[in-house]
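The values are calculated or read from the model by the stated rules, or taken from the named source; none is laboratory data. Since this is a predicted model, take the numbers as computed values, not measurements. As a convention, Cβ positions derive from the backbone with ideal geometry for all residues, glycine included, and neighbour counts pool all protein chains shown. We work out accessible area using only protein heavy atoms, side chains counted, and drop any ligands, DNA or RNA first. Shrake-Rupley method; radii C 1.70, N 1.55, O 1.52, S 1.80 Å.
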Amino acid sequence: MTQIDFMGKRKAAYIISILLTVIAIGALAVKGLSLGLDFTGGTQVEVSYAQAPSLDDVRDELGEAGFGNYSVQTFGADTDVLVRLQQTFDEGIGQQVIGALRAQGEQVDLVRAEYVGAQVGDQLRDQSGLGMLIALGVVALYVAFRFQYKFALGALISLGHDVVILLGFFALFGFDFDLTVLAAVLAVIGYSLNDTIIVYDRIRENIRRSQSNDLIRIFNDAINQTLSRTLSTSGTTLLVLLALFFLGGDMIHNFSLALIVGVVLGTFSSIYVAAAMLLLVKLEREDLIPAKRENAVEDELP
Amino acid sequence: MLNRYPLWKYLLILLVFIVGVLYALPNLYPKDPAIQISAANSSTSVGDSQISRVTQTLEQAGIDIKSHELDNDTALIRLENSSQQTAARDMASQSLGQGYTVALNLADSTPQWLQSIGAKPMNLGLDLRGGVHFLLEVDMDAAIDQRLDVNASAMRDTLRGEGIRYRNNTTGDNAIRFTFANAEDRSQARTLLSRQYNEFTFSNNDDAGPTLVLTLTEQAVNDIQDYAVNQNLTTLRNRVNELGVSEPLVQRQGPNRIVVELPGVQDTAEAKRIVGATANLEFRLEASDSTSADQQQAFEFRSDAGRKAALERDVIITGDRVSNASTSFDDNGRPQVNINLDGPGGSQMNRATRANIGRNMAVLYIEHKTRTRTVTRDGEQVEERVPYTERGIISLATIQSALGNQFRITGLDSPTEARELSLLLRSGSLAAPIYFAQERTIGPSLGQQNIDRGIMSVIVGLILVLAFMVVRYKGFGLIANLALTVNLTLLIAAMSLLGATLTLPGIAGIVLTLGMAVDANVLVFERIREEMRGRSIQQAIHTGYERAFTAILDANITTLLVAIILFSIGTGPVKGFAVTLSLGILTSVFTAVMVSRALTNLVVGGKSLKKLWI
């Protein structure tokens, strides 16, 4: 079995974590998330062609004319097309779109151009935020019940660390944050929690089995023992995500990007944030071994 | 003996798998473009005569019909060609007239034997398949008139309270008018009202006696309209979510319109009825002998048009005070709606009923509707909408004791009506009437190229996972892959049963769940490798599964907790994601713990092995 001194390098990891968190919070505060069409709304333009166009050509023409973040759909008949743009609505925008679409000399008429509101209501945003907080609370309770409250603290901080840095990453680079990315963030929470609990489970088991009080050694052993599992799981998940990222096209590009960053963060934080936090909050052997120590040992005998 | 399952466990797993395959199967059959016809109200019904009338009309117009069916008072006419769908809808709607709702639909072609066990395919989302697009227009004039009426009635109270007498009171053109007997009363009223109502501008007019004109400021008009659209938007979102359609789109378009897009929903006719419904309730006391004539109003009973009752003009509460509503059946098997009121509603109801024990209270069902008629104006055919309101008593019962914030109402026609009423009460009423301005099918929002690439990447990802497992865990990798296939089948079956909607990110989410589902197997296999040091092979397998179990359980329970809470609180896309995640967790725990264990036991269990192929 490999023996890497993970805990020995924890000071460096703290610095990286704190630095990333500060940059992320800074980016979120200064630049903010660049919200996608789902959250901001924009303009909806309905056009009518004389002959059914190829939607891919329509998309290309809009792209060439410099519109960003649009969707193109047939609307009722094959000749009617609905275009949604993130651009704020103004009087001239319908004509701009028509101008772009006539680039190849097609016969297109403007039916109507109008402002559209966000697809995601305030209600959804507020409720989801509330839901997230309650979910974190319940998870903390469960971990405190199955492990110990110091573990719950570590799991929460590690989860917050991952989500904040992931959001900060999207803010910093100005990638579009739409509903698919929101789904990815939720998935990252699940993944990161999963990873953390696996490491915690092994730490709990090792503490109960060993007679040693050397927590750093116990942690190192636990992390090393779960290392090949961690790499296997992260490896398979990353394989899927890289396939989605490189082959999946525009729609799931940001989705897979968010997950790739999230999986890397989740793996890192389950070792350095979740486990190292236990040292910071001064976990002791006695926290996991109540009075009935003898029984616990007997149970482990095969 | 170690690593042996009794026969019943193998059979149980086999049974679960077969059931999974059956319920996943409908997803392999394509959907037909169709139009769906249902009765718009209880006085009409759909039968063979309506179907034959519609099919004749369509055949004459050269529209190819694939088949038609009648089920539960709803007719479904399947078409050969999706480009003729809109035209067919218009023709059917014209030939049947007012009493019917005709809607576009994508009907699944699941064979009868699968339908009979309740199997149905998943819906594809707006991004992959498109759906139905409704454009609803909010009646702004009605919103303003409603607000004026509420204000006018409050002002009348104020004036009466101060003993100022007015001769006449009218509303209209964004203004409220009071005519007084003399100019002195008017100036008194003006001073009094201008203190309270600052969203009005006040002016005097003497054309028909001393009149005070209160006109809404432009700002106030805008605020009212904005509020009406936003309130309707929220209500529509609630209703669409109540319909159980996942991944819908509800957004504002322009100043006074709302777009609702639903991915190929099962019952578009129902969706249309619910989305556009404006039903509400009013609770009023029956007029007693002491009630003066101008404080009375007579209404007909909904179930019995000849019967009438006189009610008091004052409303105790309206359906807006309902915080929750559900349906059930009373002792005689008749449908009833159980109602919970919010705090203020409960105390108002309690006050009114406590003081009036022994009197009758009526539940009034109110529905705002619009009739479309074609009129010729300046030589052109113009469609004109005439709004009208239907009011009918659904129950009139003696108050036996003071009511609190929980009670039930009976007297509804059918379980369907009870269900729809409780849905409407739960999701809130509309702040202003709305009507359908446009209904169209809408194509997928993603290009075909994008969809193809997405699906392809998902398949590549899946193959990579399978290959990785075989390379790393050899024989056990094959077992894990088999378990993974069972997992995918069960997940698709469960999502189909729940009527989940599949979007491209949803598909990617499923593959991701699979990527994570491998985790449970990985945990077990790594543990077996570890335990093989110093233990016999059979013991290593046994302990491996045993020891990995707590880790699998704790990790999955915590994630499941997150998913359940997101499901119960989130709406729309968050909810859809939570469903996929929780189902994925349940199926992957089952397959990793039971299926892969069973396969392992079947292949190597109880045999004396020298070497394990892991």
- request: Output ³J(HN,Hα) for the stretch B:103-112: one whole-Hz value per residue in order, computed from phi by the Karplus curve 6.51 cos²θ - 1.76 cosθ + 1.60 with θ = phi - 60°, and x for Gly and Pro.
  value: 9, 6, 8, 10, 9, 7, 10, 4, x, 3
- prompt: Residue farthest toward the positive end of the dipole of chain B, with Cβ of Lys/Arg at +1 and Asp/Glu at -1: which of B:283, B:493, B:449?
  reply: B:493
Relative intensity, log₁₀ I(q)/I(0), of the stretch B:32-107 from a Debye sum that treats every alpha carbon as a point, q = 0.11, 0.16, 0.25 Å⁻¹: -0.22, -0.46, -1.19
task: Report the paramagnetic label zone for residue A:78: residues of the stretch B:46-89 whose backbone N is under 12 Å from a point 7 Å from Cα along the Cα-to-Cβ axis.
output: B:82-84
- prompt: With all protein chains present, how much of the accessible area of the protein assembly as shown (probe radius 1.4 Å) comes from carbon and sulfur, to the nearest whole percent?
  reply: 54 percent
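Taking the Cα centre of the stretch B:32-107 as origin, work out the dipole magnitude from +1 charges on Lys and Arg Cβ and -1 charges on Asp and Glu Cβ, in debye rounded to 20. Present the calculation step by step, with values, prior to reporting the outcome.
Details: 4 positive and 9 negative charges, 34 e Å.
The calculated dipole for the stretch B:32-107 is roughly 160 debye.
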query: Do any residues of the stretch A:46-84 lose at least 30 Å² of accessible area when the full set of protein chains is present rather than just their chain alone, and if so which, with a 1.4 Å probe?
result: A:56, A:59, A:73, A:74, A:75, A:76, A:84
query: Among A:98, A:43, A:66, whose Cα sits farthest toward the positive end of the charge dipole of the stretch A:42-116 (+1 at Cβ of Lys/Arg, -1 at Cβ of Asp/Glu, about the Cα centre)?
result: A:43
field: Residues residue A:173 and residue A:98, FRET efficiency given R0 of 25 Å [Cβ-Cβ distance, rounded to 0.05]
entry: 0.15
query: Helix B:537-569 sits at what angle to the longest principal axis of chain B, using alpha carbons and giving 0 to 90 degrees rounded to 10?
result: 10 degrees
query: Taking Cα centroids, how far is the stretch B:530-550 from the stretch A:17-65 in Å?
result: 52 Å
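Dipole of chain A, Cα-centred, from +1 at each Lys and Arg C-beta and -1 at each Asp and Glu C-beta, to the nearest 20 debye? Show your work: numbers first, answer last.
Values: 21 positive and 33 negative charges, 380 e Å.
Here the size comes out at about 1820 debye.
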- request: Take the Cα of residue B:117, step 7 Å along the line toward its Cβ, and report every residue of the stretch B:466-505 whose backbone nitrogen sits under 16 Å from that point.
  value: B:489-498
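Which FRET efficiency value, to the nearest 0.05, is calculated for residue B:602 and residue A:69 with the Förster distance at 45 angstrom and r the Cβ-Cβ distance? Intermediate results must be reported in sequence, preceding the final value.
Numbers: r = 53 Å, r/R0 = 1.17.
So the FRET efficiency works out to roughly 0.30.
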field: Range of Cα positions in the protein assembly as shown per principal axis (Å), largest first
entry: 106, 68, 61
- prompt: Total Å² of accessible surface buried at the A-B contact, 1.4 Å probe, nearest 100?
  reply: 6700 Å²
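Once you list every other residue whose beta carbon is under 9 Å from the beta carbon of residue B:106, what net charge do they have if Lys and Arg are +1 and Asp and Glu are -1?
Values: positive: B:31, B:129; negative: B:32, B:108.
Around residue B:106, the surrounding residues sum to 0.
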- line: Two pseudo-spin positions, 7 Å from Cα along C-beta at residue B:19 and at residue B:48, lie apart in nanometres by 3.9 nm
- prompt: Considering the Cα trace of chain B, what is its radius of gyration and what is Dmax, both in angstroms?
  reply: 31.7, 113
statement: Checked against the positive end of the charge dipole of chain A (+1 on Cβ of Lys and Arg, -1 on Cβ of Asp and Glu, about the Cα centre), the farthest of A:163, A:177, A:254 is A:163
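Suppose every K and R has +1 on its Cβ and every D and E has -1 on its Cβ; what is the size of the dipole of the protein assembly as shown about the Cα centre, in Debye to the nearest 20?
Working: 78 positive and 94 negative charges, 818 e Å.
Here the size comes out at about 3920 debye.
Report the full-extension gain for the segment residue B:308 to residue B:355: residue separation times 0.36 nm, less the Cα-Cα distance, to one decimal in nm. Kindly include the intermediate steps, with their values, before the conclusion.
Numbers: separation 47, 0.36 × 47 = 16.92 nm, distance 2.46 nm.
Contour length minus the Cα-Cα distance gives 14.5 nm.
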- request: Return the long-range amide H neighbours of residue B:403 (sequence gap of 5 or more, or a different chain), with a cut-off of under 5 Å between placed amide H atoms.
  value: B:353, B:354
query: Nearest 10 degrees, 0 to 90: what angle lies between the long axis of helix B:183-196 and the longest principal axis of chain B (Cα atoms)?
result: 20 degrees
message: As I understand it, the value is the acute angle between the Cα axis of helix A:10-30 and the longest principal axis of the Cα atoms of chain A; what does it come to in degrees, rounded to 10?
response: 30 degrees
Point-to-point label distance, residue A:91-residue B:401, nm (Cα→Cβ direction, 7 Å offset): 6.8 nm
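Just to confirm the filter: which chymotrypsin sites (Phe, Trp or Tyr not before Pro) across the stretch B:531-574 are DSSP coil and have at most 13 other Cβ within 10 angstrom of their Cβ? Present the calculation step by step, with values, prior to reporting the outcome.
Values: sites: B:545, B:549, B:567; in loops: none.
Loop-located and lightly packed - none at all.
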Residues of the stretch B:336-360 with amide N under 17 Å of a point placed 7 Å along Cα→Cβ from residue B:160: none
query: Between residue B:381 and residue B:437, 0.36 nm times their residue separation minus their Cα-Cα distance comes to what?
result: 18.5 nm
query: Can you count the Lys pairs in chain B whose Cα atoms are under 26 Å apart, with each pair 8 or more apart or on different chains?
result: 16
- prompt: Rounded to the nearest 0.05, what FRET efficiency is calculated for residue B:470 and residue B:324 with R0 set to 60 Å and r the Cβ-Cβ distance?
  reply: 0.70
